[in-house]
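Working notes, structure below.
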Amino acid sequence: QVQLVESGGGLVQPGGSLRLSCTVPGFSFSNYVMSWYRQAPGKEREMVASIISPGGSTTYVDSVKGRFTISSDNTKNAILLKINSLEPEDTAVYYCNAKGRAAPWARFNNYWGQGTHVTVTS
């Protein structure tokens, strides 16, 4: 069973930084779109950043461009999200997501982690 395990959330002051990590033991990122989503209180879950391997093509929602950086660490089987210049509006539960197929003929999969909380407050 595929398990996505997020870590790195916490309480931080505005302007601060965090690095979120999503580890997926025994999982190949190839053929999957790996994404970070977030869900703020009372709001719908939104995709904030995604990365495709191999190649490393990335996509960001406009509100985080220039502040968020998604990357993959293949040595640790992890997807990282570096967040700079945190704003109170970034307060949310951040989820890791994997969408894709293990092979062209395989079924489509959509895996979620349990989430990690990020709170930005002074």
Name every residue in the stretch 11-41 that is modelled with pLDDT under 95 and out of contact with any Ser or Thr (no Cβ under 9 Å at 6 or more places or on another chain), in order of residue number.
-> Val24, Pro25, Gly26, Phe27
All but one of (1) open to solvent by less than 20 Å² (accessible area, probe 1.4 Å); (2) without any contact (Cβ under 8 Å) to a residue 60 or more places away in the chain hold for Ala40, so report the exception by its number.
-> (1)
Residues of the stretch 28-37 being in contact with a strand residue (DSSP E or B) (Cβ under 8 Å, 6 or more places away or on another chain), of a type outside the set (A, V, I, L, M) and open to solvent by 20 Å² or more (accessible area, probe 1.4 Å), in sequence order, are Ser30, Asn31, Tyr37
Scanning for something assigned to a strand (DSSP E or B), over 17 Å from Val93 (Cβ atoms) and not acidic (Asp, Glu), does the stretch 13-24 turn up at least one residue?
-> yes
For residues that are exposed (fewer than 15 other Cβ atoms within 10 Å of the Cβ), modelled with pLDDT of 95 or more and not basic (Lys, Arg), tally how many sit in the stretch 43-57.
-> 2
Only one of these conditions is not met by Ser35: (1) in contact with a Phe, Trp or Tyr (Cβ under 8 Å, 6 or more places away or on another chain); (2) within 17 Å of Asn110 (Cβ to Cβ); (3) in a strand (DSSP E or B); (4) in contact (Cβ under 8 Å) with a residue 40 or more places away in the chain. Which number is it?
-> (1)
Working only within the stretch 38-49, note down all residues that are touching an Asp or Glu at 6+ places or on another chain (Cβ under 8 Å) and assigned to a loop (DSSP other than H, G, I, E, B).
-> Ala40
Filter the stretch 70-122 for residues that are of a type in the set (Val, Ile, Thr) and part of a strand (DSSP E or B) and give the result.
-> Ile70, Ile79, Ile83, Val93, Thr116, Val118, Thr119, Val120
Has the stretch 63-85 got at least one residue that is under 14 Å from the mean Cα position of the chain (by Cα), of a type in the set (A, V, I, L, M, F, W, C) and open to solvent by 40 Å² or more (accessible area, probe 1.4 Å)?
-> no
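The values are calculated or read from the model by the stated rules, or taken from the named source; none is laboratory data. Everything numeric here is computed off the predicted structure, so don't read it as measured data. Counting neighbours? That spans all protein chains shown, and the Cβs are built from the backbone with ideal geometry, glycine included. To get the accessible areas, we keep the full protein, side chains included, count just its heavy atoms, and leave off ligands, DNA and RNA. Shrake-Rupley method; radii C 1.70, N 1.55, O 1.52, S 1.80 Å.
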